[in-house]
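Working notes, structure below.
The values are calculated or read from the model by the stated rules, or taken from the named source; none is laboratory data. Every value quoted in this text rests on a predicted model; they were computed, and no experiment measured them. Glycine also receives a Cβ, built like all others from the backbone with ideal geometry; neighbour counts cover every protein chain displayed.
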Amino acid sequence: MLAAQCVFTMLSAEHSVIRRNLSALMDLVRTDGWHRPGAMLDRLGDLVKFLHTYERDFHAGKERECLLPALQGRGPEADRLVLEVELADAHHGVLLSRALALLQALSRGDSARAPELADLLGHYEAGVLRLQSIEEGELFRIGQELLCGEDWSQIASAMSRGAGGSRRPPVSGWQTAGGSTSRAASSHPLH
């Protein structure tokens, strides 16, 4: 089932992008003075905005519109996993929306909100890492058991056409020009 491997390789690569940006975000939160208005807080805001956009408009849509519907109704374990992924995605979206609001308060100088934001981002990181582990483990296993080669081909085709999100990821710190990849400004998210 080459198509199945292609789908999960693509999703795993996107998970890697998310993990790199999450790591950069959490490294920043562990830095003294991150919560004061200035370059570090701006960088933190860029990372949160990137993760919010990448998840909502690029990555999660592929899972929601291409992969999860193919698994829905194929058995109790598949239905449980689909529901778990959908609920976690929705919860992560809420956490990132709240983080954006807290970032606005911090940028106005309300440093009392810093512990709440740090705690929220820690919960977000733990939830995302747990969800990715489920998707790359249980979801892949159950998908291989329940879906046939034609199902996987249709999922891969839909994803490659851009179904479930934009065909291109949101702009980040890595810019591709003429086939080469170069790092733009260091204040942009990792990709």
**Request:** Would you mention how many residues in the range 16-44 are more than 30 Å from Glu135 (Cβ to Cβ) and among the acidic types (Asp, Glu)?
**Result:** 2
**Message:** Looking at the structure I just gave you, is Val17 closer than 21 Å to Phe140 by Cβ and of a type in the set (Val, Ile, Thr)?
**Reply:** yes
**Request:** Write out, first by first residue and then by second, each pair whose Cβ atoms fall under 8 Å of each other, whose residues are 6+ apart or on separate chains, and whose first residue, in the range 96-112, is over 21 Å from Thr53 (Cα atoms) while the second is assigned to a loop (DSSP other than H, G, I, E, B).
**Result:** Arg108/Pro37; Gly109/Pro37; Ser111/His35; Ser111/Arg36
**Prompt:** Any idea which residue in the range 122-162 is farthest from Tyr54 (Cα to Cα), counting only those that are of a type in the set (Gly, Ala, Ser) and in contact (Cβ under 8 Å) with a residue 60 or more places away in the chain?
**Reply:** Gly149
**Request:** Determine which single condition Gly73 fails, assuming it passes every other condition in (1) on the phi > 0 side of the Ramachandran plot; (2) surrounded by 16 or more Cβ atoms within 10 Å (Cβ to Cβ).
**Result:** (2)
**Item:** Residue that is farthest from the chain's Cα centre (by Cα), among those in the range 139-162 that are within 12 Å of Ala70 (Cα to Cα) and among the acidic types (Asp, Glu)
**Value:** Glu150
**Message:** closer than 16 Å to His15 by Cβ and either charged (D, E, K, R) or modelled with pLDDT under 95 (or both): which single residue out of Asp89, Asp151, Asp119, Asp110 fits that description?
**Reply:** Asp89
**Prompt:** Of these, Ala99, Ala90, which one is crowded, with 19+ Cβ neighbours inside 10 Å and hydrophobic (A, V, I, L, M, F, W, C)?
**Reply:** Ala99
